[in-house]
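K.L.:
Pasting a structure here, questions to come.
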Amino acid sequence: MNGVTAAEVDSRRAWLTVVAAFLAGFVVFGITYSIGAFIEPMAAEFRASRAATSALFSITALTFYALGSLSGHLSDRLGPRIVVSAGALLLGAGLVSTAFIERMWVGYITYGIGVGLGAACVYVPTLAIVGGWFSRRRNTALGIAAAGTGCGMLVVPPLAATLIERFGWRTADMILGIGCAFLLFACAALTGRPPVAPSPAGHSLSLVVRSRAFVMLYISWVLATAALFVPFVFLPAFAVDQGASQLMASALISVLGGMSIVGRLGLGVVANRMGTLRLFKMATLLMGVSYAMWLAATTAYGGLVVFSAVLGLGYGVRIALMPVVLIELFGMRNPGAVLGIFFTATGVSALLGPPLAGFIVDFTGSYRWAATFALAMGLLGFAAVFRLKARDAPAE
């Protein structure tokens, strides 16, 4: 167990792994979802379409979510410290090297693949080990660790926008790359193999992925998350188009991230009263309906703030509930593998959502049609999961 004893469960050392997971989520999601601040200046410099520029986000997210299960497997074999250190180097180098690109397609490699691969090596291994370090306070520890993603979305987008306004997007990439690498190497130093082994109880992996419940959840996740990625990428540009400053526009993503934290913090009490699966469906519906608020917003910045807050609340509850829903439906056997396979749906969403929305914006000349696309996808995501019942899970 790499020098770790069972006596260290719930110990001070265990809480250091929570710090590492929090920081990893803060960096990974903060960087990934701040790309909206880079869309306009990069599109202007390279004379690229918005669809071409938004592909940076799609490639980054697809690489991140598609390779998460592989990085988790490598972490189990080699130890999390080695994998997280590699991720820190890759993510930092990807950002810094993007500052020197002369063609947009080179950015697909440096930023899309480099940052995406680094994020996969950092986020999954740090989050996966937290549960094994705790027994009595596992839910609290996982909740704090997961809150790092929302905090990153709250802080990093306006920071990126400020850096871009003052120094330009290239220097902003360099500053963010060096700072993120430093934080992630600190994460690597705090990680270690957990002393608690996962439970073998539950359903086989093949039975889970072939079940009606898994298929319904997977389809819903693809559709609803494709809708979610549209405002992540295009909402700041839409706000600028409506007259907001770059800083105010990027702050909308921060509002979204901040409200997602509120959703996660209030999750326990509400889920106990309503039931996990029912609350998950309601969160998915709230996200789908919220895009109508984006369509209704005109030149009033306040309307966009309300939309961001409502979407963020639904997003926070939904993403925090997903691991719990998977455990309730499919048990604790191979939880990392089930979660890793399921979150490939997020990669599919990233591949579909922003490029399709970017094409719609380029074709129509209006961001409102992108919001209409998000509304349709969000409501279809709810429809796909509306009839899901616990009995749809595989039987023993």
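The values are calculated or read from the model by the stated rules, or taken from the named source; none is laboratory data. Treat the numbers as computed from the prediction; the structure is a model and nothing was measured. FYI the Cβ positions are ideal-geometry reconstructions off the backbone, even for glycines, and counts take in every protein chain you see.
K.L.:
Kindly evaluate residue 270 against the criterion of being assigned by TED's automatic domain parsing to the domain that holds residue 321, of a type in the set (A, V, I, L, M, F, W, C) and modelled with pLDDT of 80 or more.
P.N.:
Answer is no for this residue.
K.L.:
Another question about this same structure. If you go through region 9-18 one residue at a time, how many are in a helix (DSSP H, G or I) and either crowded, with 22+ Cβ neighbours inside 10 Å or on the phi > 0 side of the Ramachandran plot (or both)?
P.N.:
Residues that pass the stated criteria total 3.
K.L.:
State whether one or more residues within region 186-193 are at pLDDT below 80 and surrounded by fewer than 20 Cβ atoms within 10 Å (Cβ to Cβ).
P.N.:
Within region 186-193, one or more residues are at pLDDT below 80 and surrounded by fewer than 20 Cβ atoms within 10 Å (Cβ to Cβ).
K.L.:
With the checklist (1) crowded, with 23+ Cβ neighbours inside 10 Å; (2) β-branched (Val, Ile, Thr); (3) modelled with pLDDT of 90 or more in hand, flag the one item residue 129 doesn't pass.
P.N.:
The one condition residue 129 does not meet is (3).
Residue-by-condition table, conditions (1) acidic (Asp, Glu); (2) touching a residue at least 40 places away in the same chain (Cβ under 8 Å); (3) within 21 Å of residue 340 (Cβ to Cβ):
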position	(1), (2), (3)
47	no, no, no
52	no, yes, no
70	no, yes, yes
73	no, no, yes
84	no, yes, yes
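K.L.:
Return the total of residues in region 344-396 being over 19 Å from residue 241 (Cβ atoms) and either assigned by TED's automatic domain parsing to the domain that holds residue 108 or at pLDDT 90 or above (or both).
P.N.:
Total satisfying the criteria: 11.
K.L.:
Of the residues that make up region 135-144, is at least one in a helix (DSSP H, G or I), modelled with pLDDT under 85, within 17 Å of residue 19 (Cα to Cα) and in contact with a Leu (Cβ under 9 Å, 6 or more places away or on another chain)?
P.N.:
So far as region 135-144 goes, yes, one or more of its residues are in a helix (DSSP H, G or I), modelled with pLDDT under 85, within 17 Å of residue 19 (Cα to Cα) and in contact with a Leu (Cβ under 9 Å, 6 or more places away or on another chain).
K.L.:
Check 219, 253 and return the single one that is at pLDDT 85 or above and assigned by TED's automatic domain parsing to the domain that holds residue 351.
P.N.:
It is 219.
K.L.:
For the list (1) at pLDDT 85 or above; (2) touching a Ser or Thr at 6+ places or on another chain (Cβ under 7 Å), I need the number of the one condition that residue 305 fails.
P.N.:
(2)
K.L.:
Do the conditions hold for residue 162, that is, is it within 23 Å of the chain's Cα centre (by Cα), assigned to a helix (DSSP H, G or I) and at pLDDT 80 or above?
P.N.:
Considered against the rule, which asks whether it is within 23 Å of the chain's Cα centre (by Cα), assigned to a helix (DSSP H, G or I) and at pLDDT 80 or above, residue 162 comes out as yes.
K.L.:
Also: List the helices (runs of 4 or more DSSP H) inside region 19-104, counting only whole elements, that have at least 1 residues being modelled with pLDDT of 85 or more and in the same structural domain as residue 357 (by TED's automatic domain parsing).
P.N.:
Of the helices (runs of 4 or more DSSP H) lying wholly inside region 19-104, none has at least 1 residues that are modelled with pLDDT of 85 or more and in the same structural domain as residue 357 (by TED's automatic domain parsing).
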